[in-house]
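**Student:** One structure, as structure tokens, below. Some questions next.
Taken together, the values in this text are just the output of simple stated rules run on the coordinates, not laboratory data. Note that the coordinates shown come from a computational prediction; the quantities given were computed from them, not determined experimentally. All Cβ positions, glycine included, derive from the backbone under ideal geometry; neighbour counts span all protein chains shown.
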Amino acid sequence: MTICPRCAFETIEKLYTSPVPGVWDVLQCGRCLYTWRTSEPARRTQRDAYPEQFRLTPEAIANAPEVPAVPPLRTSA
């Protein structure tokens with residue numbers, strides 16, 4: 001079973017598959033939206049090898065500040 005390397009969530013979606021069968025898949029976490037390619041090194045693809053300082057908990061995600069929206073482009077006068 002694949003879990004998210006960053007937040008350990010178990011709902012993972014396959015976004016893309018390599019045009020060459022079996023080479024890589026692009027996966028995305030359903031909770032924190034972390035996205036990775038299965039061909040990346042263990043520190044990016046496996047929870048136990050993911051850097052401790054970048055791991056997220058459900059509490060950290062729930063308490064994260066809202067990212068402000070990008071304002072509309074100004075039109076030239």
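**Student:** Looking at the chain from every direction and averaging, what is the projected area of its Cα convex hull in nm²?
**Tutor:** One quarter of the hull surface, i.e. the mean projection, equals 8.1 nm².
**Student:** Could you work out how far apart the two model spin labels at Gln28 and Leu73 are, taking each label as a point 7 Å from the Cα in the direction of the beta carbon, and quote it in nm?
**Tutor:** 2.4 nm
**Student:** For n ≥ 4 DSSP H runs only, could you compute -39500 (n - 2.57) per run for the chain, divide by its residues and tell me the 222 nm figure to the nearest 500?
**Tutor:** -2000 deg cm²/dmol
**Student:** Set Lys and Arg Cβ to +1 and Asp and Glu Cβ to -1, take the dipole of the chain about its Cα centre, and tell me which of Thr75, Ala62, Tyr34 lies farthest positive.
**Tutor:** Checked the options; the winner is Thr75.
**Student:** What ranking, highest mean first, results for peptides 25-33, 45-53, 8-16, 58-66 when packing means the other Cβ atoms within 10 Å averaged over each residue?
**Tutor:** The densest-packed peptide leads the list: 25-33, 8-16, 45-53, 58-66.
**Student:** Further question on the same structure: What percent does the relative contact order of the chain come to when contacts are Cα pairs within less than 8 Å and at least six residues apart?
**Tutor:** 26 percent
**Student:** Just to confirm a number: summing +1 for Lys and Arg and -1 for Asp and Glu over residues other than Arg37 whose beta-carbon lies under 12 angstrom from that of Arg37, what do you get?
**Tutor:** Taking every Cβ under 12 Å from that of Arg37, the sum is 0.
**Student:** Still on this structure: For the pair Asn63 and Leu15, what calculated FRET efficiency results from E = 1/(1 + (r/R0)^6), where r is the Cβ-Cβ distance and R0 = 30 Å, to the nearest 0.05?
**Tutor:** Once rounded, the FRET efficiency stands at 0.65.
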